Amino acid sequence: MDTETGRWHLTHDLDGFLTRAGAFLRGRPALHTVPLTVTDNLRTRGPRIYGDGVPEFGVLEQDGEVRATVFRTPPHRMNLTALTAEEAEALAARLAALGHRLPGVHADRDTAAAFAEAWQRHTGAAATLRQRQRLYRLGTLTVPRPVPPGGPRIAVEADREQLLCWHDEFAEAVGEGTVRDATEWADARIADGGITFWEAPDGTPVAMAGATPEIAGQVRVASVYTPPHLRGRGYAGAATAEVSRAALAAGAQEVLLFTDLSNPTSNGLYQRIGYRPVADFAVYDFTGWSAPA
């Protein structure tokens, strides 16, 4: 059942959420890349692809206009579009009063910090900054030189076991655990041609780079991974450049990616390829919770 709390309209109905918020999300596709991509996956792949919990959505309206959105695919963190400190405070108060238990939040840097502070105040939970991120947009693509030996190839059904292995290794490397079931993820990426390998001359995959399906003109590069013993040879840069080129060739208006700001190597690499900063984001973890008085 939908719950309306003040100007926030909270729901489990994905179609209803997109009817209200779709135009708002598409109006700034770069900043809204995560909710656009996740809701598209939920719509096309089903509501359980990110976990067994029922997805939750919310829309903040003011004077008949959408101001912000929230979504969560339990058991994962909540995602917010930009909020003022006052709006973050009001949302935290309402969710706490409704008994929500949140493992964390992902949002632009200021929104995430404001919500984390408000959530601590209303629930007694501890908020820990887990990761600082930077969103980049591709400007002029520059293929890194020298190009490593070998070449690109789109992953196909015969690569399924390799994808399953690298999915789990990637999740462990970034410290996020498994966001999607590895089997479902691999099958989806094979179906939409969403993973490109860089192969050595003998045909052995040595790195991968993925791209989300295009929605609202934007594509996001994701799941860039090279096994530890093969790093430092230019494979990830070559695969990322190829995925970026293919996205542009397919008509994407914006090609985006997130980086961990604590990793200067990846940030430097992507900038050499032609990616330019758009905005900073943050991820907070919440631990502990006490019912509001």
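The values are calculated or read from the model by the stated rules, or taken from the named source; none is laboratory data. All of these numbers come straight from a predicted model, not from anything done at the bench. Glycine gets a Cβ as well: all are built from the backbone with ideal geometry, and neighbour counts include every protein chain shown. Quick note on the areas: whole protein, heavy atoms, side chains included, nothing else; ligands and nucleic acids left out. Shrake-Rupley method; radii C 1.70, N 1.55, O 1.52, S 1.80 Å.
Using the heavy atoms of the protein chains and a 1.4 angstrom probe, tell me the accessible area per residue for the stretch 163-248 in square angstrom.
38 Å²
How far is helix 14-27 tilted off the main Cα axis of the chain, in degrees rounded to 10, range 0 to 90?
The two axes meet at around 70 degrees.
Calculate how large, on average over all directions, the projected area of the Cα convex hull of the stretch 84-199 is; give the answer in nm² to one decimal.
Its average projected convex-hull area is 10.7 nm².
With the Cα gyration tensor of the stretch 100-168 giving a ≥ b ≥ c as the square roots of its eigenvalues, does the rule (a/c under 1.5 for rounded; else a/b larger than b/c for prolate; else oblate) give rounded, prolate or oblate?
The shape class here is oblate.
Projecting each Cα onto the charge dipole of the stretch 163-293 (Lys/Arg +1, Asp/Glu -1 at the beta carbon, about the Cα centre), which of ALA249, PRO213, PRO227 comes out farthest on the positive side?
The residue sitting farthest along the positive end of the dipole is ALA249.
In square angstrom, rounded to the nearest 10, how much accessible surface does GLU169 have for a 1.4 Å probe?
60 Å²
Taking the Cα centre of the stretch 129-253 as origin and charging only Cβ (+1 Lys, Arg; -1 Asp, Glu), how large is the dipole, in debye to the nearest 20?
The calculation lands at about 800 debye.
Give a quick list of trypsin sites (Lys or Arg not before Pro) in the stretch 215-293 that DSSP marks as loop, anything other than H, G, I, E or B, with at most 14 other Cβ atoms within 10 Å.
Those that pass, being in a loop and sparsely packed, are ARG231.
Take every Cα pair under 8 Å in the stretch 73-130 that's 6+ residues apart, average their separations, divide by the length, and report that relative contact order as a whole percent.
Value for the stretch 73-130: 42 percent.
Rounded, prolate or oblate: pick one for the stretch 1-140, where a ≥ b ≥ c are the square roots of the eigenvalues of its C-alpha gyration tensor, a/c under 1.5 means rounded, and failing that, prolate if a/b is larger than b/c, else oblate.
rounded
Considering the Cα trace of the stretch 131-170, what is its radius of gyration and what is Dmax, both in angstroms?
15.2, 36
How large is the charge dipole for the chain, taken about the Cα centre, if only the Cβ atoms of Lys, Arg (+1) and Asp, Glu (-1) carry charge, to the nearest 20 debye?
Dipole about the Cα centre, nearest 20: 760 debye.
For the chain, take the longest principal axis of its alpha carbons; what is the angle in degrees between that and the long axis of helix 235-249, to the nearest 10 within 0 to 90?
Roughly 70 degrees, rounded to the nearest 10.
Just want to confirm a number: the relative contact order over the chain, from Cα pairs under 8 angstrom separated by 6+ residues, in percent.
Computed over the chain, the figure is 23 percent.
Determine by what factor the alpha-carbon radius of gyration of the stretch 225-284 differs from 2.2 N^0.38 Å, reporting the quotient.
1.22
Quick one: work out the % antiparallel among DSSP beta bridges in the stretch 189-277, nearest 5.
Of all bridge pairs located within the stretch 189-277, approximately 75 percent are antiparallel.
Working from Cα positions, state the angle (0 to 90°, nearest 10) between the long axis of helix 33-45 and the longest principal axis of the chain.
Tilt relative to the chain: about 90 degrees.
What shape does the stretch 1-82 take by its C-alpha gyration tensor, where a ≥ b ≥ c are the square roots of the eigenvalues and a/c under 1.5 counts as rounded, a/b above b/c as prolate, and the rest as oblate?
In terms of gyration-tensor shape, oblate.
For the chain, which whole-number percentage of the solvent-accessible area (1.4 Å probe, protein heavy atoms only) is attributable to carbon and sulfur atoms?
With neighbouring chains kept in place, the figure for the chain is 51 percent.
Which residue fluctuates the most in the chain, going by a Gaussian network model with Cα springs under 10 Å, if the choices are ASP202, ASP159, ASP192?
Checking each option, the largest mean-square fluctuation is seen for ASP202.
Would you list GLU242, GLU157 from the most to the least accessible area, probe 1.4 Å?
Sorted descending by solvent-accessible area, the residues read GLU157, GLU242.
Just checking my list (i) 60, 40, 37; (ii) 68, 49, 37; (iii) 64, 35, 34 against Cα extents along the principal axes in Å computed from this structure; which label fits?
Matching entry in (i) 60, 40, 37; (ii) 68, 49, 37; (iii) 64, 35, 34: (iii).
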